Amino acid sequence: MIMNHGNKMAEAELIYHVHIGKISIVVFWMLLVAVLFSCVTRHHPPFTVRPPEHRNLQAFENRLQKAVSASTHLTMEKIGRVDYPDFQAFLCRIRFQAVQSPRYRVLISAVIHGNEPASAEATARFVEDLIGSPEKYSNLAIDIVPIVNPWGWVHDIRYNQAGIDINRDFATFNAQESNIIKQFIQNTSYDLMMDLHEDPTARGFYLYQYGLADKNVCEKIVATIKDLGYPIEQNVRMIILKTENGIIDAPMWGLWYMRLTGQLSITNYCRLNNSRSVFTVETPTSLLWEDRLKMQKTAVTMLLDLMMDDK
Ligand SMILES: [Zn+2]
């Protein structure tokens, strides 16, 4: 009886050690992959020869200024200055606020990648729509940064002038632009944050969500986009995550992994520091301009409506 008990103890101990050994091997390989991955640069060499200009920043800012001037609920503020040897620009924040103490605070950012232009246009149109119907979002304070990467937007390039992918720089903060955003959002809690993108490789619309218990909100948005007749992405991969019916459902450990490998995106960073409800909107650049804008508008307004449903 005693021997039997002893054997069982020894057997349990052996299983325990084998189990711990397996976990250690898995953790070791995960760390090794993380270290190797962190050595793989996602950046580009600095752009020493100035590329041709595709868009006019002053005209875009004038347009936003005109919208802001037309509403007592809109303000515009310069939140930082990007300064390269042959290019200077301000990062601007538009704020919508219709009442003194709004219940919810929202952050919308766009064009962290300069070659994803429909997202800037979507924010400009969103601001212009707010002029005519401020009551629609009367319980919200909405901060909008329409162009996080002005150099990239002007030159239609993903990176900033230093060749940094700003959307992989929110662990290392080597870029001027990510430092401006970090300073702007520090100590601010947002009830909802969304970052607007486009994808040159995708064939359909998709969304990222981060550390959420269910996919209800994203599923409703994807269903609406599908009903409008637009394609839904099935095949985009992000490291080890993959779209499932237009949704990339990133778990919290995925964010910690991205932090470990020094690849945090703006949404990863906001989810870890500023907001529990964070989403990335992606439209395929292969589709027509107005179709991409319709998809962006649908996603933005639905996120506001669904996440702030008691507003
Ligand atoms: Zn992007």
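The values are calculated or read from the model by the stated rules, or taken from the named source; none is laboratory data. All values derive from a computational prediction rather than experimental measurement. A quick note on method: Cβ atoms are made from the backbone with ideal geometry, for glycine too, and the neighbour counts reach across all protein chains shown. Accessible surface areas use protein heavy atoms only, side chains included; no ligands, DNA or RNA. Shrake-Rupley method; radii C 1.70, N 1.55, O 1.52, S 1.80 Å.
Diffusion coefficient of the chain by Stokes-Einstein, Kirkwood radius over Cα pairs, 37 °C, 0.692 mPa s: 157 µm²/s.
Treating each Cα of region 151-225 as one equal point scatterer and applying the Debye formula with no solvent, the log10 of I(q)/I(0) at q = 0.12, 0.14 Å⁻¹ comes out as -0.50, -0.67. When only alpha carbons of region 88-144 are considered, Rg and Dmax amount to 12.5, 37 Å. Put simply, when 265-271, 281-287 are sorted by average Cβ atoms within 10 angstrom per residue, most first, you get 265-271, 281-287. Treating the Cα atoms of region 198-311 as identical point scatterers in vacuum, please give the log10 of the normalised Debye intensity I(q)/I(0) at q = 0.15 Å⁻¹, two decimals. Normalising to I(0) and taking log10 leaves -0.64. Taken about its Cα centre, the chain carries a charge dipole of roughly 340 debye when the Cβ of each Lys and Arg holds +1 and the Cβ of each Asp and Glu holds -1. The long axis of helix 176-185 is offset from the longest Cα principal axis of the chain by roughly 90 degrees. Ellipsoid fit via the Cα gyration tensor, region 106-235: semi-axes of 24, 20, 16 Å, each the root of five times an eigenvalue, largest first. The accessible area of Glu61, taken with all protein chains in place and a 1.4 Å probe, comes to roughly 40 Å². Can you tell me the orientation of helix 57-69 relative to the chain, as the angle in degrees between its alpha-carbon axis and the longest Cα principal axis, to the nearest 10? Value to nearest ten degrees: 80. Estimated from helical segments only, the mean residue ellipticity of the chain at 222 nm is -13500 deg cm²/dmol, where each DSSP H run of four or more residues counts as -39500 (n - 2.57). Cα axis of helix 2-39 to longest principal axis of the chain: angle in degrees, 0 to 90, nearest 10? That helix lies at roughly 30 degrees to the long axis. Each Cα pair under 8 Å and six or more residues apart adds its sequence gap; the mean of these over the residue count of the chain is a relative contact order of 19 percent. Non-local lysine pairs in the chain, meaning eight or more places apart or on different chains, with alpha-carbon distances under 20 Å, amount to 16.
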